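**Student:** Sharing a structure, written as structure tokens. Questions coming.
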Amino acid sequence: MADDLDATAREVAPLDAFATDVFLGWELAETDWWRRIAGVDVPGRPDVPEPFARMADDDWLAAAAVWERLGCPWWQGVCLSRSDSVDDARAGTELLAALGAVETRSVLVRDRRRAGHVVPRGPRQQTRTNPAGLTARELEVLALLSQGLTNAQLADRLFLSQKTVDHHVSSVLRKLGEPNRAAAAAVARQRGLVPNMGTTPDVGI
């Protein structure tokens, strides 16, 4: 986080003194991730756990989906924050902020800026003031999914990739604490989260 890659390399170097069979595959994969961050060569290994293999290929959305399935929101937020899509990156940085990982969020925003990617700003006023902490995009998704649209149909309406919509829907359900779309729509109506919900959606279509 202090941007000292030489120090990062020194931290992982002592692990090379051990035989690899003393580590679990997941431990080796995470160590190799930090080696990549530090710019150190990473040995080829068989059977790399899926999310780390996806990360090594820069397939950030696929990696985030696996981390979400495994219940690892910190890694999920890191992967989303590295996506080329500013919507994905915003979802990732907001997830990290919600976890209290403020320094991690700051580092990822710094790295995006250096890479020339669009940098998501902090939570918008609408996000700060609505009780569920939904972003403007998540409110759009919530309004549309209440009509029974599939994720593919949502992606077409909002001009987003289906993977991005998948993450938005998952984020909506997580923030509302509901297991499915129907329950989320019902709670949104009860709380008045989306004006005119159930009649004319308050989004541009």
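The values are calculated or read from the model by the stated rules, or taken from the named source; none is laboratory data. These numbers were taken from a predicted model, which means no experiment stands behind them. Here Cβ is always computed from backbone atoms with ideal geometry, including for glycine, and neighbour counts include all displayed protein chains. For the accessible areas, the whole protein counts, side chains as well, though only heavy atoms, and no ligand, DNA or RNA atoms are used. Shrake-Rupley method; radii C 1.70, N 1.55, O 1.52, S 1.80 Å.
**Student:** When the accessible area of the range 19-84 is computed with all protein chains present and a 1.4 Å probe, what percentage of it is carbon and sulfur?
**Tutor:** About 51 percent, which is the carbon plus sulfur part of the accessible surface.
**Student:** Just add up the charged neighbours of SER161: K/R +1, D/E -1, any other residue whose Cβ is under 12 Å from the Cβ of SER161. Before the final figure, lay out each step's value.
**Tutor:** On the way: positive: LYS163; negative: ASP84, ASP87, ASP88, ASP156, ASP166.
Once all neighbours under 12 Å are counted, the net charge is -4.
**Student:** Taking a temperature of 4 °C and a viscosity of 1.567 mPa s, what whole-number D in µm²/s does Stokes-Einstein yield for the chain with Rh from Kirkwood over alpha carbon pairs?
**Tutor:** Values: Rh = 18.5 Å.
Using the Kirkwood radius from Cα pairs, D works out to 70 µm²/s.
**Student:** Still on this model: So if a site counts as exposed when it's one of the chymotrypsin sites (Phe, Trp or Tyr not before Pro), its DSSP state isn't H, G, I, E or B, and it has at most 10 other Cβ atoms within 10 Å, what's the longest stretch of the chain without one?
**Tutor:** Here the longest segment lacking exposed loop sites spans 19-158.
**Student:** Please give me the summed charge of the neighbours of ALA97: other residues whose Cβ is under 11 Å from its Cβ, Lys and Arg +1, Asp and Glu -1.
**Tutor:** 0
**Student:** Keeping every protein chain present and rolling a 1.4 Å probe, give me the accessible area per residue for the chain in Å².
**Tutor:** Per residue, the chain has an accessible area of 54 Å².
**Student:** Provide the net charge surrounding TRP74, with neighbours chosen by a C-beta distance below 15 Å and charges set as Lys +1, Arg +1, Asp -1, Glu -1.
**Tutor:** 0
**Student:** Also, quick follow-up: Loop sites only, by DSSP: take the trypsin sites (Lys or Arg not before Pro) in the chain that have at most 15 other C-beta atoms within 10 Å and name the longest stretch containing none of them.
**Tutor:** Answer from the scan: 1-120.
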